[in-house]
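Step one of this worksheet: look at the structure below.
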């Protein structure tokens, strides 16, 4: 109760011996003014020999009392990474080297005398004394050469819990962690008040429990050794919520360059992706985006990229029969065969599924359609104009048993959907940043459009080896069909060979994981980002990513732009942070977008009428 006694002594006086004076209004005002200490002080305080009661919380302070002969690097990291609320204070008091050398001289003489005494008595050599003598001599040499210094070091840990039982459990956990490394801690008995104040960020060492350490072991207590993903290269993904370190990482430094992002709507997944794109473009990387909601148009304009609107009435067309130019290490026959397989998958989506017989007919018709243009496994088709869908329809119409296929195909060649797919390709993606928007495409055709665009991008990727990132937003559209999901999975597996990173983003976690290719997509992605999740999908996600209960609740309670970032075998809690300029470019907030448009309109009007200023 020392704090209350001090307070009582300072505020209580005898009124019998003092004259009564009137209370001035200024004094009344000062008594009612709240100061900072009034705001942050707990509602109640009770000091006991083993802990401090701070309102609803109970605190207990420990100090490190003993160290082993050798301290390994990062021995303190298990304590720093404890999933508890705690404070750590490390006090380092330098000791004058000349004073410590005098002490060392006496100590060396004492140890040497003990060794000689044992030798004179004919006793067996004591390895402890021999080791101590060598260590003292070595450290004395290093001190004399100014290679080391000696410090008085105090390490204090204050744990906060809601009950004494929880504190006892935390104490047992800390002791077991430390004692396994031959480091011993003790609670500050009858000094909890001094220990608590020593752990506060005010720089006062009231506990004064010190151990002498030289520079090398002292460096092993370096406090910023908690789990982090800070690399010497890469881009800034965000800030580590655990220790405020920067999450710097290069996806192209891992075994594959793929990533997945899972988040509920409005939790910042597109914002995080656009921020990564903006920063990735600065590192000589080409970025291609399949955009289902027209969220990347402003970004493409800001960085001087290209934006293609894929729809039934669009002026941009993609011919599915286009063939990539074979590379030096590829045979034309393999390129043609791979394209035929991809086309069969496309027709399976377009025609609502194929029977085994229809599958065989389609495969044969595609081969014959290419042959009409002199495109065969033995020909050089790099300069040959590829066929169109209408050419394929003519070939298919002349084959036996193809009546149903021709009828289903006609809407793509003569019906309302003819302008979308039955045209020569007029899209050029020779820009650092390219966006394909499928927002205006009918929902029924979106899987077809996304498959077609992805196949076109894949052909371009195979043609020229470059560092590229392919972003597929709302990837659950492609996971709904087995053929599109299979093609997406093949990109994830084969992309590394062509220096391609695949980033898939989805808000519909359950639909993504229901696909037989959902889990393989995750396991083939070295980076995973989980942002705020809905309660309906969190259990499935917890099982998939082997999350702890604490991580599960973190995802449920996260704010916009907060979550868990996985890279390889490490993962950290992350907060996505952008600069003001970046935020103006990548924001998806409708209120911000509307404000920006109004500002642009006002600026345009002001420039158009300079006389009215």
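The values are calculated or read from the model by the stated rules, or taken from the named source; none is laboratory data. Bear in mind that the values here come from a model prediction, so they are computed numbers and not experimental data. All Cβ positions, glycine included, derive from the backbone under ideal geometry; neighbour counts span all protein chains shown.
A few points about this structure:
- Residue tally, condition in contact (Cβ under 8 Å) with a residue 60 or more places away in the chain and out of contact with any helix residue (DSSP H, G or I) (no Cβ under 6 Å at 6 or more places or on another chain), over region 173-190: 11
- Scanning region 186-194 for residues that are surrounded by 15 or more Cβ atoms within 10 Å (Cβ to Cβ), part of a strand (DSSP E or B) and assigned by TED's automatic domain parsing to the domain that holds residue 568 turns up nothing.
Each row is one residue, and each column tells you yes or no for (1) modelled with pLDDT of 75 or more; (2) exposed (fewer than 14 other Cβ atoms within 10 Å of the Cβ); (3) touching a helix residue (DSSP H, G or I) at 6+ places or on another chain (Cβ under 7 Å); (4) at negative phi.
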site: 17; (1), (2), (3), (4): no, yes, no, yes
site: 21; (1), (2), (3), (4): no, yes, no, yes
site: 45; (1), (2), (3), (4): yes, no, yes, yes
site: 80; (1), (2), (3), (4): yes, no, no, yes
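- Test: residue in region 56-64 that is under 24 Å from residue 172 (Cα atoms) and at pLDDT below 85: yes
- Contact map, region 128-144: residues that are at pLDDT below 75 paired with residues that are outside any helix (DSSP H, G or I), Cβ distance under 6 Å, separation 6+ or inter-chain. No pairs are found.
- In region 369-384, residue farthest from the chain's Cα centre (by Cα) [restricted to those that are modelled with pLDDT of 85 or more and surrounded by 15 or more Cβ atoms within 10 Å (Cβ to Cβ)]: 373
- Of all the residues in region 37-50, those that are part of a loop (DSSP other than H, G, I, E, B) and within 20 Å of residue 202 (Cα to Cα) number 2.
- Restricted to region 429-449, and to residues there that are in contact (Cβ under 8 Å) with a residue 60 or more places away in the chain and part of a loop (DSSP other than H, G, I, E, B), the residue that is surrounded by the most Cβ atoms within 10 Å (Cβ to Cβ) is 438.
- With respect to (1) assigned to a helix (DSSP H, G or I); (2) modelled with pLDDT of 85 or more; (3) farther than 30 Å from residue 281 by Cα, the lone exception for residue 457 is condition (3).
- Selected residue [modelled with pLDDT under 85 and surrounded by fewer than 20 Cβ atoms within 10 Å (Cβ to Cβ)] from 474, 482: 482
- Helices (runs of 4 or more DSSP H) (entirely within region 521-613) containing at least 3 residues that are modelled with pLDDT of 85 or more and within 30 Å of residue 484 (Cβ to Cβ): 535-545
- For residue 387, the criteria (1) surrounded by 14 or more Cβ atoms within 10 Å (Cβ to Cβ); (2) out of contact with any helix residue (DSSP H, G or I) (no Cβ under 7 Å at 6 or more places or on another chain) hold in every case but one, which is (2).
- Residues considered: 487, 420. Of these, the only one that is under 28 Å from the mean Cα position of the chain (by Cα), buried (at least 22 other Cβ atoms within 10 Å of the Cβ) and part of a helix (DSSP H, G or I) is 487.
- Residue match in region 403-415 (condition: surrounded by 15 or more Cβ atoms within 10 Å (Cβ to Cβ), assigned to a loop (DSSP other than H, G, I, E, B), outside the structural domain of residue 296 (by TED's automatic domain parsing) and modelled with pLDDT of 85 or more): no
- Flag if residue 303 is closer than 18 Å to residue 579 by Cα and more than 21 Å from the chain's Cα centre (by Cα): yes
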